1. Go through (1) more than 18 Å from the chain's Cα centre (by Cα); (2) among the hydrophobic types (A, V, I, L, M, F, W, C); (3) under 16 Å from residue 131 (Cβ atoms); (4) open to solvent by less than 50 Å² (accessible area, probe 1.4 Å) and name the single condition residue 16 misses.
2. Counting only residues that are open to solvent by less than 40 Å² (accessible area, probe 1.4 Å) and either part of a loop (DSSP other than H, G, I, E, B) or without any contact (Cβ under 8 Å) to a residue 60 or more places away in the chain (or both), how many does region 122-138 have?
3. Quickly run through region 142-171 and pick out the residues that are more than 19 Å from residue 89 (Cα to Cα), part of a helix (DSSP H, G or I) and among the polar types (S, T, N, Q).
4. For a quick check of your reading: which strands (runs of 3 or more DSSP E) sit entirely within region 21-121 and have at least 2 residues that are more than 26 Å from residue 156 (Cα to Cα) and either among the polar types (S, T, N, Q) or open to solvent by 30 Å² or more (accessible area, probe 1.4 Å) (or both)?
5. Scan (1) farther than 27 Å from residue 203 by Cα; (2) modelled with pLDDT under 95 for the single condition residue 87 breaks and write down its number.
6. Go through region 39-61 and report how many residues are within 18 Å of residue 8 (Cα to Cα) and either touching a strand residue (DSSP E or B) at 6+ places or on another chain (Cβ under 6 Å) or polar (S, T, N, Q) (or both).
7. Does region 179-186 contain any residue that is more than 13 Å from the chain's Cα centre (by Cα) and not aromatic (Phe, Trp, Tyr)?
8. Would you please name the residue that is modelled with the lowest pLDDT, looking only at residues in region 172-217 that are in a strand (DSSP E or B) and crowded, with 21+ Cβ neighbours inside 10 Å?
Amino acid sequence: MTITYVTVTYNAADVLQRTLDSVLAQDYPDIVHLIIDGASTDGTQEMVNDYIECSNDSGNGHRIQLMSEPDKGIYDAMNKGLRSLDGDYVCFLNAGDFLPASDTVSRIAAAVAESAPAVLYGDTDIVDAEGRFLHHRRLAPPENLTWKSFRHGMLVCHQAFYARTDFAIATPYDQQYRYSADVDWCIRIMKAADKEKVPLQNLHMVVANYTEEGQTTLHHRESLKERYRVMERHYGRVQTFLMHCWFLVRAVLKPN
């Protein structure tokens, strides 16, 4: 089984190294790492070239590809990654995010059911800007995930969502969204899996360390507005409104 990681970068040299190191350290050979760079000017490309050389020297079997050219934003870059896919599963691992241990991919591959699930999903830990553990992600994946589960929020982090490549390629990111196309993408993939009656699989392990200060955090208000639109699109206006009323009540009633 081959797993492809897509890392989108633009002038990300200050956080990218830990992402590259975490993939380089994997003891699983069948890994493809696509770095989709938006024509960085800060040394990102040189860092990736060093990474390619280190990987080749290590003989770990990984295949690394760098594409560097201007793009129209993060989801345009992710769609470029989708158009370059091969292998069995894909995960989008952002610059600054990283795999938690050197055997993470080996454990994922060993856990995959023979039925070839449409999605493999797991847990996420939150780290600070230096990569230090802060806490487990507040929203945890349910035992049995479906596309309807995201009515309660994005219960699986984008970086912990491994999509089978045939579903991923058939589901490009919707670029009408600037900050929340990942939420929409995950829902649409799970909808397609449900339509074809292909199962999803809980990996029951932490599969990603997520850096808290990402683009969604920096543009929190705009992201929340977009997520509301995404939920209306998939779950309807009335149900989305009622669910957000419950979110508000829950936040008020939550003890300090």
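1. Here residue 16 meets the rest and fails (1).
2. Let us first name the residues in region 122-138 that are open to solvent by less than 40 Å² (accessible area, probe 1.4 Å), namely 122, 124-128, 131.
Narrowing the set further to residues that are either part of a loop (DSSP other than H, G, I, E, B) or without any contact (Cβ under 8 Å) to a residue 60 or more places away in the chain (or both) leaves 128, 131.
Matching residues across region 122-138 total 2.
3. Pass one, region 142-171, residues more than 19 Å from residue 89 (Cα to Cα): 142-144, 148-155.
With the extra rule that they be part of a helix (DSSP H, G or I), the set shrinks to 148-152.
149 - this is the single residue of region 142-171 that is more than 19 Å from residue 89 (Cα to Cα), part of a helix (DSSP H, G or I) and among the polar types (S, T, N, Q).
4. Details: elements: 31-37, 63-68, 89-92.
Strands (runs of 3 or more DSSP E) meeting the threshold: 63-68.
5. Unmet condition: (1).
6. Looking only at region 39-61, we keep the residues that are within 18 Å of residue 8 (Cα to Cα), and these are 39-52.
Next, only the ones that are either touching a strand residue (DSSP E or B) at 6+ places or on another chain (Cβ under 6 Å) or polar (S, T, N, Q) (or both) stay: 39-41, 44-45, 48-49, 52.
Result for region 39-61: 8.
7. No, every residue in region 179-186 fails to be more than 13 Å from the chain's Cα centre (by Cα) and not aromatic (Phe, Trp, Tyr).
8. Step one: list which residues in region 172-217 are in a strand (DSSP E or B), which gives 200-211.
Now drop any that are not crowded, with 21+ Cβ neighbours inside 10 Å, which leaves 200, 207-209, 211.
Values: 200: 98, 207: 98, 208: 97, 209: 97, 211: 89.
Ranking the candidates gives 211 first.
The values are calculated or read from the model by the stated rules, or taken from the named source; none is laboratory data. Quick caveat: nothing in here was measured; it's all calculated off a predicted structure. In this analysis, Cβ positions are derived from the backbone assuming ideal geometry, glycine residues included, and neighbour counts consider all displayed protein chains. Protein only, heavy atoms only, side chains kept; ligands, DNA and RNA dropped before computing areas. Shrake-Rupley method; radii C 1.70, N 1.55, O 1.52, S 1.80 Å.
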